[in-house]
Amino acid sequence: MTEPGFTIINQWLAGKGFQAFPFQEAAWRSIVDGESGLVNAPTGCGKTYSVFLGSLIQFINEHPLDYAKRKNNGLQLLWVTPLRALAKDIGRAMEEVINELGMQWRVGIRNGDTDTSERAKQKRNMPEVLIITPESLHLLLAQKGHPAQLETLHIIAVDEWHELIGSKRGVQVELAISRIVHLTKQPVSLWGISATIGNLDEAAACLLAPIEKAPVIIRAQMDKQIAVESIIPEEIEKYPWAGHLGIKLAERIIPIIEQSNTTLIFINTRGMSETWYQTILTVAPHLAGAIALHHGSIERELREWIEESLHTQKLKAVVCTASLDLGVDFRPVDTVIQVGSPKGVARFLQRAGRSGHRPGDISKIYFLPTHSLELVEAAALKNAIHAGTIESKTPLLLCFDVLIQYLCTLATGEGFRPDEIFAEVKKTYCFSEIREDEFRETLLHITQGGDALQQYDEYRKVEVDEGLYQIKSRRIAMRHRMHIGTIVSDAMLKVKLLSGKYLGVIEEYFISRLEPGEVFTLAGRNLELIGIKDMTAMVKPSKSKKSIVPSWMGGRMSLTANLGEKLRETLNEVIQSNSPQIELAALTPLFDLQKELSHIPQSNELLIEQISLKDEHHLFVYPFEGRLVHEAMAAILAYRIGKIMPITFSIAMNDYGFELLSDQPIPVDDSNVQELFSTENLTADIQRSVNASEMAKRKFRDIAVIGGLIFQGFPGEQKKARHLQSSASLLFKVFSEYEPNNLLLKQAYQEVFDQQMEEVRLREAMMRIQQSKIVLQYPTQLTPFCFPIKVDDLNRNHHSSEKLEDRVKRMQQQLESNTR
Amino acid sequence: MTKPVLHIIRDQHCWLHAEKIIWWEEARSIIVSDLHFGKTGHFRKSGIAVPQSVYKEDMQQLAAMIAHYQPIKIIAVGDLFHSHANKELDWFLRWRQDFAHVAFCLVKGNHDILSPDWYAKAAIDVISDYYTEGPFGFIHDTADIPEEQCSNYYWFSGHIHPGVRMEGSAKQSLRLACFYFQQQYAILPAFSRFTGLKLIRPKKADTVYGIIPADQRFQSPPSILRLQ
């Protein structure tokens, strides 16, 4: 490596007392050689330099004599990052290097926060490095004249690719790349940067698909030591109730916070993070001012202040959600506390890794259960870390909603020609299996609005002019630009004080249930609702002790298959091991009661409990496959039981099992239980039970927003667009009845199939159950296992094989007999 | 057509249909609310591809009721049209010609923003506040009933798209569109299929008729049932 670029960079590093890591040098070599690939490195060990410095070396090599003087070189490096909060820090780090090398490169940032004058400046004169989010990347493609801005590009780097892959934002990145690689004068190198996931090879292949090159995979060999410690309650509650235990343990974390430099406390939902913040302040008032609350609904300025304070060690602890999962490292952080199940091994490791980054440091993570059964998960997590099993992130396939949005984006910008774009789209990993007729259907959707030849129709979106597909209406183009993106949030209202001070946002779903005068909690403050006006909730501070904590519907993730399996194995230890792990030993009272009332399933068993209480009949099933799979399995079981007799079920689930609840006795016993899990006719039964379930309806909301059927409200536009508003459930009903072949509706079902009812995985689970021993128990009272499912009532599904009219009449009778 | 149920109020015979209309026998009139005609067209014109057949079926449904009862008049208590004029409303004009002999009376709703000329062309009598006939008053939103007139009539209105939630044991529940009769006024369900529901909380003295939608699995047509 004697080229001038290497020499200059190595000299610069040496001058600072640094030495390049071997993986960085390997990445530089590959970049200079024009290769593409993936760098696998955890945060905080120079992954940014591995690609960024490679880009500088390449430039220096090409211009050895005047690299320092060359100005206005046009865009060289496009740096895609999933988090806009990251952009500033990365940009700052890059600028520092450029300045110290005496080069003239500029670093620009492009995201939702970039103001219009800055955008205009970039349009006239692109910086050499542009740090951009996937959404802003598409916005760039929605601009006229973007090909000229991109033609000088050499390298596209996709940071945190493990976060993007497997999501629709990842698909957005794939599509944008498929276009951009055709706009440059020279071949582009593609580099992904990813933390460790189970399918790194697939992740690399997915990213590189549009350029059809074999990926170079560079791994930073940095083994990180992780210490996991569970906080074990002194008294084990035998009836675990999700969310209740955790708060009681708040006192136990105070000494941990005090003994640590800086602690991050990860909470799974925003609602619980509010509660935790309050509770910590109550039990340790002396921490006031030294702790902060950070989640996605908190005002940006406050969040930025918290991040800054973390860097400068002004805070002792921060209560946060996934909002701090990613991003640059906060050096002072030496301790992490995970409250509640992290749902997967990868996420747990990632969070653990937010502490102790310096080489040789140990990442210290405490696990605090929110209900006692979660201690089993802690034991399972330890087992999984020990065995080194980390989840894969499966790339999404055939997302027509994202394709529709992308085609409209191109139509808003320069316009597109279908043949050319079809060839490009088909090269992406996501759409490699797209058929020509499916693409044509997509085109029809955006040009004619579905079924053609409608009378009196004025559908207008994309117009075709001599083969060029364009959006000509300025109003439609503007609205499209404002809705580019695939992150669908619930309808949100701004929260403001009467003085006009903005406090954050809150879900409309939550606030619409409050009456003026009621008190709720946001950003750690108790606020009294005064009223709602123009998508804004007006509030005033309240001294009331009682307040309602908003429940954010999002953030209820499912246990991964990987962790589920570990969980089943871990339960074996309870019975078989003489010296079970500390977490399991602590649970002895709970397990004893479970054994007494019912049974503890081994990994080769499936436990089913049937419990009848008054006029409610429960069937609890425990496959330990995670919430998503349980939802699907429950739907199939409900469907199959419904064939025996007309019956209506209300369905609930958690990560360990599910419940079928009916007002009639459930006809399941030893004689037919085996058949209920049969893999025979599984495909057809999946199909029928999906159609009858509400799963597709829930998927449809995101799809409808991404596909442009629903406008998420934004300030100023509401009034004008109010005649264009409809709810996702209404659209779902209308399409189901009147256009069942609609592309987006079909996709909703497809997503249920692929992601939840994934036939392969379901079939595997059903086969596993078939080969297991089914243990049917009839406890006379609720058991420790079923209790958390029964009390967790969010998102109940319904399934009925009864005639609607009969159901209504029976409910009426029940009502009457109740009032009598 | 489905079997209606009879609701007698102020000695008048009102036949309630699962098709979401009322046949007022004495006045030989159809009472209907929140038709939102032209809504699909309004969406499509803005690039939102909702199926137009929703609108077509709504018009066919109303035509079928007219053909059956041969009314002398249709009283729409507001939101007959969804928004500005569009081609779908030209379609309505043609539809209207088939029933030129039937009078059409519209008590304006918040969505009815078309020009007086347009209504004239469609042969629709537009009343901007409220309409009265016999013992009945007609208004879009009950909130706008003038206080001094409130007890002089029994009022028919729409606007909120009422729905009712039924709960059974074992956490069962259902949401149904409904006709909602209170002491001084009644609220009609929205006629348009392209509308959602707003749940009402009926009081003990109120009368509620739920509309049970068609259940295709059993080939059963929609039906109407008194719930309380």
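General observations
- For segment A:225-387: rounded, prolate or oblate by the Cα gyration tensor [a/c cutoff 1.5]: oblate
- Other residues lying with their Cβ under 11 Å from the Cβ of B:D144 contribute a combined charge of -2, Lys and Arg counting +1, Asp and Glu -1.
- Gyration tensor (Cα) of segment B:5-226, equivalent ellipsoid semi-axes in angstrom: 26, 23, 17
- Among the listed pairs A:K71/A:K123; A:K121/A:K185; A:K643/A:K803, those beyond 18 Å (Cα-Cα): A:K121/A:K185
- Averaging Cα coordinates gives a centre for segment A:731-772 and one for segment A:298-369; these two points are 36 Å apart.
- Other residues with beta-carbon under 10 Å from the beta-carbon of A:I582 carry, at +1 per Lys or Arg and -1 per Asp or Glu, a net charge of -1.
- Legend: distances between Cα atoms for A:K733/A:K809; A:K393/A:K472; A:K540/B:K108; B:K3/B:K56; A:K88/A:K248; pairs beyond 29 Å are A:K393/A:K472; A:K540/B:K108; A:K88/A:K248.
- Prolate/oblate/rounded call for segment A:598-813, Cα gyration tensor, a/c under 1.5 rounded: prolate
- Intensity falloff of segment A:36-192 expressed as log10 I(q)/I(0), Debye formula with alpha-carbon point scatterers, at q = 0.20 Å⁻¹: -1.48
- Centre-to-centre separation between the Cα atoms of segment A:95-158 and those of segment B:111-182: 56 Å.
- Segment A:492-541: C-alpha gyration tensor shape, a/c 1.5 cut-off, then a/b vs b/c: rounded
- Each label point was placed 7 Å from the Cα along the Cα-to-Cβ direction; for A:Q186 and B:T132 their separation is 8.6 nm.
- Diffusion coefficient of the protein assembly as shown by Stokes-Einstein, Kirkwood radius over Cα pairs, 25 °C, 0.890 mPa s: 77 µm²/s.
- Working from label points 7 Å from Cα in the Cα-to-Cβ sense, the A:E235 to A:A14 distance is 6.8 nm.
- Karplus-derived 3J(HN,Hα), 6.51/-1.76/1.60, for each residue of segment A:343-349, Hz, glycine and proline x: 6, x, 5, 4, 5, 4, 5
- Other residues lying with their Cβ under 13 Å from the Cβ of A:M126 contribute a combined charge of +4, Lys and Arg counting +1, Asp and Glu -1.
- For segment A:143-148, Karplus couplings with θ = phi - 60° (6.51, -1.76, 1.60), whole Hz, Gly/Pro x: 9, 5, x, 5, x, 5
- Relative to one another, the C-alpha centroids of segment A:401-426 and segment A:21-65 are positioned 32 Å apart.
- Contact order normalised by residue count of segment A:378-459, Cα under 8 Å, 6+ apart, percent: 25 percent
- Of the trypsin sites (Lys or Arg not before Pro) in segment A:94-166, the ones in a loop by DSSP (not H, G, I, E or B) with at most 13 other beta carbons within 10 Å are A:K144.
Every number here is computed from the coordinates shown, using simple stated rules; none is lab data. All of these numbers come straight from a predicted model, not from anything done at the bench. Neighbour counts are summed over all protein chains in view; Cβ atoms, including those assigned to glycine, are modelled from backbone coordinates with ideal geometry.
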